[in-house]
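Only the coordinates and a few stated rules stand behind these numbers; no lab work does. This one's a predicted model, so the numbers in the text were calculated from it and none came from an experiment. In this analysis, Cβ positions are derived from the backbone assuming ideal geometry, glycine residues included, and neighbour counts consider all displayed protein chains.
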Amino acid sequence: MRLNKTVVQNAMDGIISEEFTFNELFRVISKELKIENPSYPVMYRFNDVVDTVTTLTGVSREKMRSRTRVRGIVDVRQVTMYLVEKYTRLTLSKTGELFNRDHATVLHAKKRVKDAKSGYNEELRQIVDLCETSLITENPF
């Protein structure tokens, strides 16, 4: 991905502290790109998405990658896969690999979450809405 020098400079000017993390720079660059081009999709890093979901749900990365079929963990894993697929540029195969699954499982998770958002599963919809809202707010975790 190539970046416009002006966008990066504006992002650097927007960072107040002398030292900053790559995640902070990435978030500011994403905001600058959104200002430059309002139709530009909001993109996050994989870790930003997973950190947000783990903080809100209490389900660890290890449990998400595990082979468990406990409904609560499966729900959180599917929500996370959906958000990763929606807000990052990772392929279905790479997303599946990061969760110790294949691309078909990611497609299934995406379908299940979309069904929940349309009213099929109210509890899952609430988890999705909470995680997605927290992810796209001005102050993500």
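Computed quantities for the displayed model
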quantity: Extension gain (nm, one decimal) between Lys5 and Glu19, 0.36 nm per residue minus Cα-Cα; calculated: 3.0 nm
quantity: Amide H contacts under 5 Å for Asn121, placed H, 5+ residues apart; calculated: Ala116
quantity: Student exercise, the chain dipole from Lys, Arg, Asp, Glu Cβ charges, in Debye to nearest 20; calculated: 800 debye
quantity: Theoretical ellipticity at 222 nm over the chain - DSSP helices of four or more residues, -39500 (n - 2.57) apiece, nearest 500; calculated: -21000 deg cm²/dmol
quantity: Cα shape, segment 57-141, gyration tensor, a/c 1.5 rule; calculated: rounded
quantity: Relative contact order computed over segment 85-141 (Cα-Cα under 8 Å; 6+ residues apart), in percent; calculated: 16 percent
quantity: Furthest towards positive pole of dipole, Thr105, Asn37, Tyr87, structure part the chain, Cβ charges; calculated: Thr105
